[in-house]
Amino acid sequence: MRRRWLIMLLLAAVGLSGCGDKKSHARAVYLLVDTSGTYAQELDRAEQVVNFLLGTLNPGDSLAVARVKSRSFTEKDIVAKATFAKDPLQANGQKRAFKERVSALKEKSKGGSAYTDITGGILQAAEFLNETGAGRKTILIFSDMQEELDAKTERNVNMNLTGIRVVALNVTKLATDNVDPKRYYGRLESWEKRVKSAGAAEWRMINDLEHLERMF
Amino acid sequence: MSWQIVPGNSSLSMLLLAALALAFLYAARQPLHGVIHSLSRALSDGLRLGARWLARAAVRLKERNTLVLLAHGREEVTQAIEREFQRVTVLVQRDLQGYPALQRRLLDDITRIEEDYRKCGEVPPPPPEWVKAVEAVAQIKHTGDGVAQKLLEVISESLESIYEQVLGEYRRAYEERHRILDSFVPFGRSLNETLLKVDRNIGGLQESAARIDAQMDRYEQIAAGSERVEHSLTASATVQFVISALVLVIAFGGAFVNFWLIARPMSAMVGGGEYIVGDLEASHIAALVIILVEATMGLFLMETLRFTHLFPRIHNLPDRMRRRMLWVAFSILFILAGVEVALAVMRDQIIAADIALKRGLGGGEIVAAVVETAWVNKIPVAGQMILGFILPFALAFIGIPLEYFIYSARTVLGGLLVLVVLSLGFVLRLTGNVTRHLGRALVMAYDAVIFLPLMIERAVLMLRGRPVASVSDAARLAKTPETLL
């Protein structure tokens, strides 16, 4: 009887010792920057968001910045991506290099794209974020949220955004929105409905870039 | 279904219902009184029993506390007496061991002084012939004879020269005596110093003996278990508890500072963003472990130095083994202090790199962390390095207040527990009394409600000539026999 108790105690001890914290505490952020049409003028502000992210993210976190163009479901549009090293000094070096790569975004986006494929960008972002295995995944969409697709592009696919937070940043009003604000609110509402139906953990909009800390 | 007995007449219905209720209550008076009595007695007896048990438990606890307190006090006094005896042993071994030599030296000094003193007493005797001649010349009468005059003058001249010669010898003899007396001085001083030393040693021995006497008196009082010594030990334990708690709080403050000094650079060693349990970062846990290991090594160091007595096994180790353990604990502590110094440098580098990055993100150009050359800029890192090296050793001393805290906490918390148990007992007893009186009050209230049937009963009994029981009789009957407490 005593021996059985001893064995059970030993098993419990072994079991407890194996109980580490399996949940990942790492964060992964994917920033989609709209480079289409007139919104390309907002790229300076996008850089401000990137700087904020570089200053906020910790070693072990992941960050990617990608353009939203006429067709965005491709890795080619990722301007910079990095999973920061566990060593803080090394992570610092990575952040410096990241900033330099993002600086080239403005040059690359000169002229702007004819169409805006936000859905394609989100699909690409979800793919990237799920691969990181991070515990907290966020898609930042720096856009006016006006999607425009050419006739050949098909985006009628089911998005899977389970466990991913979606934050729309700097959603500027279009000239048509000024005429009829319902268009603006309707656009936002439709995106919220769409990402939530795709399983997103949260939908949020931040237009005041002075309070970027609200994105987390 | 309507409650009205007489449909359409609620007043009459209510009256009839009240009458029915009164009749029912009057009929059920005795059993309901019994129920109330039983319930109140059951409750109050239970509570008072609990109070009694708690009071007895408090007494037992207090006795146990006293036993522990006296045992601890006895142990402390025994240690103090042992220490005093050790001091006396050292004193005796160091000083009294040399007493034969000291005595020989004293005797030598005294002998030399005596010899010199004897030499001082030897005065050269006057020449005897010369005295007789002077006596003969003194008998010559002055007659005015020229020969005699001439003879006397010659004698006078001779006497003067002899006198000068004798005086010279006399002076030389005195000079010799003074010289001998001068040579007394160092011997006298040496004698004085030796005697002073002896006096000091004897004085030290007397002080130790007085201290041992005082401790023995205390020991006897503790052994007798006197109330005075119990109070004094309790007061002493309370003071020790407060002081040691204060010192421990300060030490924890130091440990906290130490933790934040090494937690950040630890992420470079164990990796940042790694979590082990909940929201605790691996680097934080690693820093905590280092500090705890330092504290443990400090405890062992204090234990092997015999400053503390938390681990009897270490205390009872053979001296050689104990010394080895001391060096092992000290070496580990020293290495950990060195690691903390390295971490302090690393911390400074990480902070410098962070500042450079954030400056760049804020709009400036990103540059690699510049190593500042001005000595003023090196003060913070030097301060961190010194702190990193000193704090582990400072933490080592935590064992001393910890030991006092543990021993005094037993007394203080034991006393508090007695107080809590007594208070709980008082509350239980009070509740028991209140319950008992509530039962009586309920019985009286019951009778007050059915006062009408009771009055009728009394009138009937009076008419029949039987003794009438007052309303309060029921309450009296309800009184609980004072069987408990």
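Magnitude of the charge dipole for the protein assembly as shown, about its Cα centre and with charges confined to Cβ atoms of Lys, Arg (+1) and Asp, Glu (-1), is about 4180 debye.
Mind giving me the FRET efficiency for B:L22 and B:A235? R0 is 51 Å, r the Cβ-Cβ distance, nearest 0.05 is fine. Once the sixth-power term is evaluated, E becomes 0.15. Let me make sure I get this right: for chain B, a, b and c are the square roots of the gyration tensor eigenvalues over alpha carbons, sorted descending. Under 1.5 in a/c it's rounded, otherwise prolate if a/b > b/c, else oblate. Which is it? The shape class here is oblate. The charge dipole of chain B, taken about its Cα centre with unit charges on the Cβ of Lys, Arg, Asp and Glu (plus for the first two, minus for the last two), comes to roughly 3620 debye. First check a/c for the protein assembly as shown, with a ≥ b ≥ c the square roots of the eigenvalues of its C-alpha gyration tensor; if it is under 1.5, answer rounded, and if not, answer prolate when a/b is larger than b/c or oblate otherwise. Since a/c reaches 1.5 but b/c is at least a/b, the shape of the protein assembly as shown is classed as oblate. Peptide A:78-90 has a mean shielding of 4, counted as Cβ atoms of other protein chains within 10 Å of each residue's Cβ.
The Cα atoms of region B:283-358 give a gyration tensor whose axes a ≥ b ≥ c have a/c of 1.5 or more with a/b greater than b/c, which makes the shape prolate. In terms of distances greater than 23 angstrom between alpha carbons, the cross-link table entries A:K81/A:K110; A:K137/A:K173; A:K95/A:K196 yield A:K137/A:K173; A:K95/A:K196. Note on B:265-271: average number of Cβ atoms from other chains within 10 Å of each residue's Cβ is 4. The stretch between B:I162 and B:M462 holds 92.5 nm of extra length on full extension. This uses 0.36 nm per residue minus the Cα-Cα distance. Averaged over peptide B:354-360, the number of partner chain Cβ atoms lying within 10 Å of each residue's Cβ comes to 4. To the nearest ten degrees, helix B:29-94 and the longest principal axis of the Cα atoms of chain B are 10 degrees apart. In terms of surrounding Cβ atoms within a 10 Å radius of their Cβ, A:T74, B:T431, A:T35, A:T132 rank from fewest to most as A:T74, B:T431, A:T132, A:T35. Calculated mean residue ellipticity at 222 nm for chain B: -30000 deg cm²/dmol, from DSSP H runs with n ≥ 4 weighted as -39500 (n - 2.57), summed, divided by the residue count and rounded to 500.
Taking region B:308-325 and a reference point 7 angstrom along Cα→Cβ of B:I406, the backbone N atoms nearer than 13 Å belong to B:308-315.
Largest mean-square fluctuation among A:A175, A:A66, A:A200, in a Gaussian network model of chain A whose springs join Cα atoms under 10 Å apart, belongs to A:A175. Among B:L391, B:V449, B:S38, which residue has its Cα positioned farthest towards the positive end of the charge dipole of chain B, with +1 placed on the Cβ of Lys and Arg, -1 on the Cβ of Asp and Glu, and the dipole taken about the Cα centre? The Cα lying farthest towards the positive end belongs to B:V449. Estimated from the Cβ-Cβ distance and a Förster radius of 30 angstrom, the FRET efficiency linking B:D217 and B:R60 is about 0.50. Between the residues A:L129, A:V157, A:S143, the greatest Cα displacement towards the positive end of the dipole of region A:33-215, with unit charges on the Cβ of Lys, Arg, Asp and Glu, is found for A:L129. For region A:33-215, the Cα-based Rg and Dmax, in that order, read 16.0, 52 Å. Inter-label distance, B:L419 to A:K152: 8.7 nm, where each label sits 7 Å from its Cα along the C-beta direction.
Computed from the coordinates by the stated procedures, all read-outs in this text should not be read as laboratory data. As the structure is a prediction and not an experimental result, all values here were calculated from the model. Glycine gets a Cβ as well: all are built from the backbone with ideal geometry, and neighbour counts include every protein chain shown.
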